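Q: Structure provided below as structure tokens; questions to follow.
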Amino acid sequence: MTAQAESAVAGPSPEGPATAASTRGLRKTYGRTVAVEHVDLDVPEGAVLGMLGPNGSGKTTTIRMLLGLVQPTDGDVQLLGHPMPDRAAEALPDVGALVEGPGFHPFLSGRENLLRLAAAEPRLTSGRIPAAVDEALERVGLTRAGGRRYRGYSLGMKQRLGLAAALLVPRRLVMLDEPTNGLDPAGTREIRSVIADLHRDGVTVLVSSHLLAEVEATCTHVAVMNEGTLVAQGDLTELLESESPALEVSTTDSAAAVTALRAAHLSARPTPDGVRAELTRATAPDVVATLVDAGVPVYEARRSRTGLEDLFARLTQDSEEAPTWRS
Amino acid sequence: MEVMTEPARRTAPVSRLVRAELRWIFRRPRTLAVLGLLGVIPVIMGIALAVADPTGSSSPGEGPGAGEGGGLLATAAGSVLVLPIAALTMTLRMLLPLAAAMAGADALAGETATGTLRGWLLAPVSRGRLLLVKALGVATFTLVAATMIAVTGAVTALVLNGADTLYTLSGTTLSIPDALGRIALAVGWVTLQLWAVGAVALAISAFTEHPMVVLASVLGGIIVFTVLGSLDALSWLHPVLLTEAWWAIVDVLRDPIPDADLIGGALKAACYLVIGLSIAYARLVSKDG
Amino acid sequence: MNTKRKAATVAVAGTAAGALGLGLLAMPAGAESAPELPEIEAQELVGSVLKAQPPAMSGTATVDNELGLPSVPGMPALDAQSARVYYDGEGRGRVAMEQQSSELTYVLGEREFWSYDSAAGTATRAELPDGAREQHRNQEAAGADPSQVATQVVDRLEESSNVSVDGTARVAGRAAYELVLTPKPDERTLVREVRVAVDSEERLPLRMSVLTHGTTEPAFEAGFSEIEFGPQPERLFEFSPPEGTEVTEREPGRNGGPQHGGDAEGPEFDVAGDGWDTVLLGRIPSEMREGAESNGTDMTGMLERFGKPVQGEFGSGHVVETRIGTALITEDGRIAAGAVPEQVLRQALENR
């Protein structure tokens with residue numbers, strides 16, 4: 001299993017950039033059920049890491065162990081350079097988190113809920129608390145609703161309040177577990193823009209999601225989990241590029257195109273609107289030149305986006321639970 | 001000391017956490033409803049006794065005043081001192097322990113259920129501190145609950161009987177400071193008993209995320225203890241039962257105060273407090289948040 | 001792992017400490033070993049008890065009865081859990097009998113005797129006859145030489161019993177001698193022995209236990225569970241009833257001691273036999289029986305509940321048996337009672 005994780009391109013390298021969070025040999029069992037096993041995760045500093053995986057693949061358990069909420073059965077966890085959960089007091093003040101949905105008291109207003117959480121923030125002096133709460137509310141667009149009882153909040157408002165709680169103080173690392181759950185497209189865009197802001201400010205972000213499009217749109221890195229193990233991780237672009245690169249060519253004469261490419265010892269197959277050429281043994285210009293030389297009309301040529309979707313499907317094909325797709 | 005060497009503070013001050021906890025407890029509608037209910041009980045008792053006018057009825061051992069607590073109620077009708085203590089005695093049988101259990105249930109099980117406990121654990125608040133803050137919250141609530149009963153009881157009795165009826169079960173009449181001192185002693189002693197109940201409730205609360213389980217366990221425990229306490233065949237067990245100490249509260253109405261049972265009851269409560277808090281602590285530090 | 005071990009340590013240590021505390025609280029006070037005291041003769045011990053003037057003290061007296069009789073409603077003396085006793089050393093005293101949620105208080109003051117019932121809100125006051133307390137104080141002077149009295153007392157006792165000092169005991173934290181009276185073999189009594197624990201310093205009886213045949217646990221035990229010698233606050237020996245209390249005045253001189261009951265005339269008694277098989281014979285006054293009925297206490301009903309019907313030459317009646325005594329009450333109101341088996345009572349009634 002470890003071999004599988006390390007076989008992924010851009011695996012952890014000892015000389016690589018500093019990690020904001022990492023695990024080694026992480027394992028968690030509940031009775032006989034193995035929730036997480038052999039997870040060697042690295043969250044590079046400054047990255048936006050999307051943690052992907054079907055429901056029940058161990059994403060949330062891994063995040064809870066990273067935060068010291070759950071005691072690992074085995075293995076080590078480092079969070080901002082501190083071993084967890086023993087040194088939680090050093091690491092956690094710089095970490096903001098939204099785990100397993102927002103948890104707030106229904107009879108208190110959103111603002112009062114945040115005040116209560118802010119009271120526990122070591123980085124906030126008592127005098128700073130009200131201002132910090134107001135800033136956090138403003139950041140997630142809840143300034144006007146802050147005085148209302150949490151009971152009356154919509155799902156999206158609840159989620160945004162949870163995000164506000166994670167952002168009460170400037171953090172070095174923010175972990176968001178399914179932050180767009182229950183959000184409408186506008187809400188999802190807002191979360192993306194918050195993540196983008198954090199990234200611009202140099203904050204490391206770990207987002208777990210089962211929504212591939214979301215991860216693809218916002219993340220610099222991905223980690224894919226399946227059935228409790230980490231099946232791939234690394235830089236998003238590198239991961240995608242490593243997936244059998246191909247060139248999609250639009251042409252009216254796909255038969256001729258295939259013949260021409262195969263004649264040049266390039267593997268190719270016809271597609272509905274043209275031909276798909278593998279780039280394992282040739283570069284994109286080689287392919288286009290071959291086709292033009294053979295007199296095949298080329299309307300358009302583009303790198304095929306294998307896409308996260310394909311990658312994910314391949315990595316998790318054994319999983320019974322199909323991930324939810326959304327474009 | 002560690003804090004001194006750290007450039008940035010690693011943990012929020014306990015006083016701030018306690019203040020936040022108290023604000024949360026006393027903002028909760030349920031808390032206010034329970035306190036209101038407890039505050040009304042002595043008023044109802046006082047008015048009912050005044051309307052029923054038990055003076056002249058019943059000699060000892062017969063008539064409506066007979067039986068457990070009946071004598072106390074009969075006396076409560078006429079004495080400013082006795083009504084608050086009688087109200088405490090009655091509510092200590094069931095309502096006050098349930099109120100303490102409710103506070104303990106909400107403190108951990110309730111907060112786990114709403115997912116709000118995690119917020120503090122991530123701040124981070126260490127689990128030991130969390131228990132300390134939670135225990136102080138429960139302790140404050142129970143103190144307020146007991147005080148509420150004593151205050152409304154004393155005020156009701158003052159309105160109904162006037163200030164010159166500060167007499168004890170031994171027939172002596174007390175000065176106002178002495179009477180207030182005794183009421184304070186009763187409130188303190190009852191609160192200590194409630195802390196014991198609250199500590200046990202916190203321990204149960206640390207094991208579950210269903211507040212009702214805590215309430216049901218404490219209610220069941222009180223009933224079982226009361227039944228065991230009423231069985232003479234189990235008299236060897238009685239000194240261990242918390243509920244068996246609770247009648248000693250009546251001793252503050254005797255003059256001079258016989259202190260043996262009060263001290264014994266306080267020590268017993270302290271033992272339950274230690275057991276409850278240590279189990280709660282052990283469970284809380286090893287529990288997944 | 002580390003956290004788990006810490007958690008387990010705390011849980012075990014805390015629970016053990018709490019349980020140990022509860023265990024200590026539950027431990028019976030009598031677990032202390034018997035003190036070592038100089039030997040003493042029974043006669044000397046009795047003499048010193050008679051001579052001793054009870055000093056100022058406060059204490060808690062408890063009555064523990066395993067008589068095998070269900071508690072009878074309307075008889076407060078026995079269902080009292082315990083009584084607190086205060087004595088000033090000069091004839092004034094206060095006794096507070098604790099009920100679960102009320103109290104019966106008796107105060108013997110300088111010139112008056114008060115009783116107060118908190119449940120009923122009633123008090124009784126009796127003025128003491130002049131010189132009553134002087135009499136008490138001068139008892140010692142008026143009486144004969146205590147050692148001589150002791151000899152007489154012990155002689156009288158030894159007619160029917162063996163009197164001995166049997167070891168020592170610790171009662172309410174005080175070292176005490178155990179004076180034991182054992183009925184002579186020819187005495188027809190239910191009692192096996194009576195033990196009286198006498199304080200080794202103050203020579204005050206601290207505890208009396210009555211043991212019957214066949215058991216090691218006393219059938220009846222009365223004694224101090226707590227006692228402290230020393231001056232008591234003056235206010236304890238004065239009493240003024242709380243406002244609103246119904247006060248009954250009683251004629252001076254009658255019923256001077258703490259007694260519970262109505263104003264009905266007490267039954268008059270006669271004695272048959274001597275020593276341990278003494279039987280008290282009497283007749284319940286008719287007005288008391290009627291009074292009891294009008295009070296709501298159904299005498300016959302009670303007898304039927306606790307007694308068993310008997311018949312004989314004396315007529316018919318009910319016998320009430322306890323572990324240390326038996327009483328026979330006939331239909332026509334005659335009563336015989338003693339620390340004896342039923343047979344002795346029958347004989348006593350028949351021999352009248």
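The values are calculated or read from the model by the stated rules, or taken from the named source; none is laboratory data. In this text the structure is predicted, and so the values were computed from the model without any measurement. Heads up, the Cβs are rebuilt from the backbone with ideal geometry, glycines too, and the neighbour counts pull from every protein chain shown.
Q: Within region C:91-118, take every residue that is assigned to a strand (DSSP E or B) and more than 12 Å from every other protein chain (Cβ to nearest Cβ) and give me the one that is surrounded by the fewest Cβ atoms within 10 Å (Cβ to Cβ). Break it down into steps so the answer makes sense when it comes.
A: Taking region C:91-118 first, the residues assigned to a strand (DSSP E or B) are C:93-98, C:103-108, C:112-117.
Then drop every residue that is not more than 12 Å from every other protein chain (Cβ to nearest Cβ), which leaves C:93, C:108, C:112-113.
On the way: C:93: 21, C:108: 24, C:112: 15, C:113: 21.
So the residue we want is C:112.
Q: Does at least one position in region C:204-217 carry a residue that is in contact with a helix residue (DSSP H, G or I) (Cβ under 9 Å, 6 or more places away or on another chain) and modelled with pLDDT of 85 or more?
A: yes
Q: Scan C:48, C:58 and give me the residue that is more than 20 Å from residue B:238 (Cβ to Cβ), within 14 Å of chain B (Cβ to nearest Cβ), under 29 Å from the mean Cα position of the chain (by Cα) and not in a loop (DSSP other than H, G, I, E, B).
A: When all the criteria are applied, what remains is C:58.
Here's the yes/no breakdown for (1) at pLDDT 85 or above; (2) within 14 Å of chain B (Cβ to nearest Cβ):
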| site | (1), (2) |
| --- | --- |
| C:120 | no, yes |
| C:123 | yes, yes |
| C:133 | no, no |
| C:139 | no, no |
| C:144 | no, no |
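Q: Does residue A:173 count as in contact with an Asp or Glu (Cβ under 6 Å, 6 or more places away or on another chain) and either charged (D, E, K, R) or in contact (Cβ under 8 Å) with a residue 60 or more places away in the chain (or both)?
A: Spelling it out, it is not the case that residue A:173 is in contact with an Asp or Glu (Cβ under 6 Å, 6 or more places away or on another chain) and either charged (D, E, K, R) or in contact (Cβ under 8 Å) with a residue 60 or more places away in the chain (or both).
Q: Given the conditions (1) part of a helix (DSSP H, G or I); (2) in contact with a Leu (Cβ under 9 Å, 6 or more places away or on another chain); (3) more than 30 Å from residue A:26 (Cα to Cα), which single one is not true for residue A:213?
A: Unmet condition: (3).
Q: While we're looking at this one, here's another question. State whether one or more residues within region A:29-37 are out of contact with any Cys (no Cβ under 9 Å at 6 or more places or on another chain), within 14 Å of chain B (Cβ to nearest Cβ), touching a residue at least 60 places away in the same chain (Cβ under 8 Å) and farther than 30 Å from residue A:313 by Cβ.
A: Going residue by residue through region A:29-37, those that are out of contact with any Cys (no Cβ under 9 Å at 6 or more places or on another chain) are A:29-37.
If we keep only those that are within 14 Å of chain B (Cβ to nearest Cβ) as well, we get A:29-31, A:33, A:35-36.
So of that shortlist, the ones also touching a residue at least 60 places away in the same chain (Cβ under 8 Å) come out as A:35-36.
With farther than 30 Å from residue A:313 by Cβ added as a condition, the list becomes none.
The answer is no, given that none of the residues of region A:29-37 is out of contact with any Cys (no Cβ under 9 Å at 6 or more places or on another chain), within 14 Å of chain B (Cβ to nearest Cβ), touching a residue at least 60 places away in the same chain (Cβ under 8 Å) and farther than 30 Å from residue A:313 by Cβ.
Q: Still on this model: Within region A:110-135, restricting attention to residues that are within 10 Å of chain B (Cβ to nearest Cβ) and in contact (Cβ under 8 Å) with a residue 40 or more places away in the chain, which residue is surrounded by the fewest Cβ atoms within 10 Å (Cβ to Cβ)?
A: A:123
Q: Same structure, new question: Collect the residues in region B:122-150 that are closer than 23 Å to residue B:210 by Cα, surrounded by fewer than 20 Cβ atoms within 10 Å (Cβ to Cβ) and of a type outside the set (Gly, Ala, Ser), keeping them in residue-number order.
A: If the condition is that a residue be closer than 23 Å to residue B:210 by Cα, surrounded by fewer than 20 Cβ atoms within 10 Å (Cβ to Cβ) and of a type outside the set (Gly, Ala, Ser), then B:129, B:132, B:136, B:140 are the ones that fit.
Q: Give the residue that is farthest from the other protein chains (Cβ to nearest Cβ), with candidates limited to residues of region A:51-102 that are among the basic types (Lys, Arg) and touching a residue at least 24 places away in the same chain (Cβ under 8 Å). Break it down into steps so the answer makes sense when it comes.
A: The first filter runs over region A:51-102 and keeps only residues among the basic types (Lys, Arg), leaving A:59, A:64, A:87.
From what's left, touching a residue at least 24 places away in the same chain (Cβ under 8 Å): A:59, A:64.
Numbers: A:59: 16, A:64: 7 Å.
Step by step, filter region A:51-102, then rank; the result is A:59.
Q: Here's something else I'd like to know. Within the set of pairs 6+ apart or on separate chains, which have a first residue in region B:263-289 that is touching a residue at least 24 places away in the same chain (Cβ under 8 Å) and more than 19 Å from residue B:189 (Cβ to Cβ), a second that is of a type in the set (Gly, Ala, Ser) and not in a helix (DSSP H, G or I), and C-beta atoms under 9 Å apart?
A: Final answer for the pair search is B:279/B:206; B:280/B:206; B:281/B:206; B:283/B:206; B:284/B:206; B:285/B:126; B:287/B:206; B:289/A:68.
Q: Looking at region B:160-170, is at least one residue of a type in the set (Asp, Glu) and buried (at least 19 other Cβ atoms within 10 Å of the Cβ)?
A: Looking for residues that are of a type in the set (Asp, Glu) and buried (at least 19 other Cβ atoms within 10 Å of the Cβ), one finds none in region B:160-170, hence no.
Q: Right, something else. Would you mention how many residues in region B:219-240 are in a loop (DSSP other than H, G, I, E, B) and surrounded by 12 or more Cβ atoms within 10 Å (Cβ to Cβ)?
A: Within region B:219-240, residues that are in a loop (DSSP other than H, G, I, E, B) and surrounded by 12 or more Cβ atoms within 10 Å (Cβ to Cβ) number 1.
Q: Another question, then. Residue check: is residue B:12 at pLDDT below 90, hydrophobic (A, V, I, L, M, F, W, C) and within 22 Å of residue A:169 (Cα to Cα)?
A: Numbers: at pLDDT below 90: yes; hydrophobic (A, V, I, L, M, F, W, C): yes; within 22 Å of residue A:169 (Cα to Cα): yes.
Judged against the criteria, residue B:12 is a match.
Q: Kindly indicate whether any position in region A:116-137 is of a type in the set (Lys, Arg), at pLDDT below 90 and within 24 Å of residue A:193 (Cα to Cα).
A: no
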